[in-house]
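Nothing in this text is a laboratory measurement; each read-out follows from the coordinates by a stated rule. Because the structure is a prediction, the values reported are computed rather than measured. Note: ideal-geometry Cβ built from the backbone for every residue, glycine included; neighbour counts use all protein chains shown.
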Amino acid sequence: MYIDGFSGPGVHMVKKTGEFVLGSPLNALGIVPPFREHYLIDLDGDKVENLRALVGSRSDVHLFTGDCNKILLERVFPNVRWDQYRRGLCLLDPYGLHLDWEVLATAGRMRTMDVFLNFPTMDMNRNALWRSPGGVATEDLARMTAFWGDESWQAQAYRPVPQLGLFGDVDTEKASNDEIAEAFRKRLRDVAGFAYVPKPIPMRNSTRAVVYYLFFASHKSVATKIIEHIFERYGRM
Ligand SMILES: C[S@@+](CC[C@H](N)C(=O)[O-])C[C@H]1O[C@@H](n2cnc3c(N)ncnc32)[C@H](O)[C@@H]1O
């Protein structure tokens with residue numbers, strides 16, 4: 001089955017050209033041979049209604065309006081049980097720090113799903129991982145902790161730099177985007193328990209800044225080999 005936690009409205013207009021492009025759920029619905037079931041979730045009711053109008057009524061498509069952190073755990077993942085021979089591909093494409101670690105941890109534990117995750121580097125840098133962390137809002141710190149799963153992100157994102165001087169002062173230095181993504185990759189393997197997590201590919205905007213890293217996490221070596229091949233091809237572009 002195909003599971004899209006942050007499915008969006010189904011189509012998007014490219015501002016520059018006025019062209020319409022298909023979003024992730026419509027791309028998934030066009031795949032041949034098709035997935036047997038599709039679970040599509042978005043928090044925004046207007047986007048879900050737009051998607052419903054595009055998809056039409058189909059018994060293999062289940063649309064949900066609401067927070068995917070709750071809906072995935074309570075209503076979707078229970079349909080992808082190992083002992084019922086169910087298997088899934090789960091796409092998690094948040095704009096920012098809107099995903100709870102428990103979703104990834106549960107997917108890892110269940111061993112039935114491959115996951116694509118857009119790791120939201122730009123939102124993290126804008127709202128939580130400041131060079132001088134003192135001014136970050138409490139709710140943004142909490143969102144970062146919810147995404148990471150615990151507060152260990154602090155030690156990964158900031159390392160002590162001893163200062164020259166008489167008093168042995170210690171300052172901190174922020175880790176690079178690549179280092180933070182690598183620490184999260186390790187968590188997907190060591191804490192969530194995915195057997196294979198290839199190096200993610202950085203996705204950049206027109207000024208070459210990294211907006212997010214595209215991760216793949218799986219329990220299958222064959223799936224991982226295919227994705228590594230694709231990542232290698234597109235990561236170089
Ligand atoms: C980057 S867009 C997804 C785009 C989509 N993958 C596509 O290809 O068209 C992120 C979407 O997540 C939705 N969203 C934000 N927070 C959410 C949450 N907690 N649960 C479900 N959807 C959420 C937003 O309304 C938005 O449509």
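Compute the helix-to-body angle for 138-148: its Cα long axis versus the longest principal axis of the chain, expressed 0 to 90° and rounded to tens. So the inclination is approximately 60 degrees.
Approximating the spin labels as points 7 Å out from Cα along Cα→Cβ, the A105-to-Y234 distance works out to 3.0 nm. For the options T112, T145, T207, a Gaussian network treatment of the chain with springs between C-alpha atoms closer than 10 Å singles out T207 as fluctuating the most. From a point 7 Å beyond the Cα of R87 in the direction of its Cβ, which residues of segment 96-112 have a backbone N at a distance under 11 Å? Zone members listed by number: 112. Spin-label model, A223 to K16: label points 7 Å out along the Cα-to-beta-carbon direction sit 3.3 nm apart. Looking at segment 1-87, the chymotrypsin sites (Phe, Trp or Tyr not before Pro) that sit in a DSSP loop and have at most 10 other Cβ atoms within 10 Å of their own Cβ are Y85. Sites listed here are trypsin sites (Lys or Arg not before Pro) in segment 133-237 whose DSSP assignment is loop and whose Cβ has at most 11 other Cβ atoms within 10 Å: R208, R236.
Relative to the longest principal axis of the Cα atoms of the chain, helix 45-55 runs at roughly 40 degrees. Out of the chymotrypsin sites (Phe, Trp or Tyr not before Pro) in segment 95-181, which ones are loop residues according to DSSP with at most 12 other C-beta atoms within 10 Å? Filter output for segment 95-181: F167. Taking GluC sites (Glu not before Pro) as candidate sites, keep only those in a DSSP loop with at most 13 other Cβ atoms within 10 Å, then name the longest stretch of the chain containing none of them. Answer - 20-150. Across the cross-link table entries K186/K220; K16/K186; K186/K225; K199/K220, which are compared at the Cα atoms, the separations over 27 Å belong to K16/K186.
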